[in-house]
Amino acid sequence: MQKAYFNSPIGVLEICGDESGVCELNFVRDFVRTDITDINLKLCLSELESYFKGELKTFKTRLNIGGTAFQRCIYENLQKIAYGQRVTYAQLAAMTGRPRAF
């Protein structure tokens, strides 16, 4: 797994991933710049830069989503929420087919 770092307006982001996709995004305080060879991480960095400039609303970076079946269902439904759209926990639970899971 490779790590990349992005200095965003909301803090430094650590992006972890490999050829399967981005699997983790964390806020960190310290980081060491490294050469990025993974194409998914390069795309993610480029998209984050465009997003924070207000130029991007839909990401194309491939994700490598782990977790339980329910967690993956939640993550997949989160990706369906459009830019600027708000969804409550109850609405998200209903989107997953488990309306009482909030």
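The values are calculated or read from the model by the stated rules, or taken from the named source; none is laboratory data. Nothing here was measured: the structure is a model prediction, and the numbers come from that model. Counting neighbours? That spans all protein chains shown, and the Cβs are built from the backbone with ideal geometry, glycine included.
Right, Glu49: among the charged types (D, E, K, R), over 30 Å from Ala101 (Cα atoms) and in contact (Cβ under 8 Å) with a residue 40 or more places away in the chain or not? Yes; evaluated as a whole, the condition is true for this residue. Taken over region 1-43, the criterion of being of a type in the set (Gly, Ala, Ser) and assigned to a strand (DSSP E or B) is satisfied by Ala4, Ser8, Gly11, Gly17, Gly21. Total residues in region 3-23 satisfying the condition of being in contact with a Lys or Arg (Cβ under 9 Å, 6 or more places away or on another chain), touching a residue at least 40 places away in the same chain (Cβ under 8 Å) and more than 14 Å from Ser46 (Cα to Cα): the figure is 3. Counting the residues of region 1-39 that are aliphatic (A, V, I, L, M), surrounded by 16 or more Cβ atoms within 10 Å (Cβ to Cβ) and either within 14 Å of Asn64 (Cβ to Cβ) or within 12 Å of the chain's Cα centre (by Cα) (or both) gives 3. Total residues in region 63-74 satisfying the condition of being loosely packed, with under 13 Cβ neighbours inside 10 Å and touching a residue at least 12 places away in the same chain (Cβ under 8 Å): the figure is 2. Just one of the listed residues (Lys60, Lys42) is surrounded by 13 or more Cβ atoms within 10 Å (Cβ to Cβ), of a type in the set (Lys, Arg) and at pLDDT 95 or above, and it is Lys42.
Rundown of residues vs (1) under 22 Å from Tyr75 (Cβ atoms); (2) of a type in the set (A, V, I, L, M), yes/no style:
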{"residue": "Gln2", "(1), (2)": "yes, no"}
{"residue": "Ile10", "(1), (2)": "yes, yes"}
{"residue": "Phe27", "(1), (2)": "yes, no"}
{"residue": "Asn40", "(1), (2)": "yes, no"}
{"residue": "Glu49", "(1), (2)": "no, no"}
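Residues in region 45-84 that are of a type in the set (A, V, I, L, M) and either under 19 Å from Leu13 (Cα atoms) or part of a helix (DSSP H, G or I) (or both): Leu45, Leu48, Leu56, Leu63, Ile65, Ala69, Ile74, Leu78. Could you check region 37-62 and list, in sequence order, the residues that are among the aromatic types (Phe, Trp, Tyr) and in contact with a strand residue (DSSP E or B) (Cβ under 6 Å, 6 or more places away or on another chain)? Hit for region 37-62 is Phe52, nothing else.
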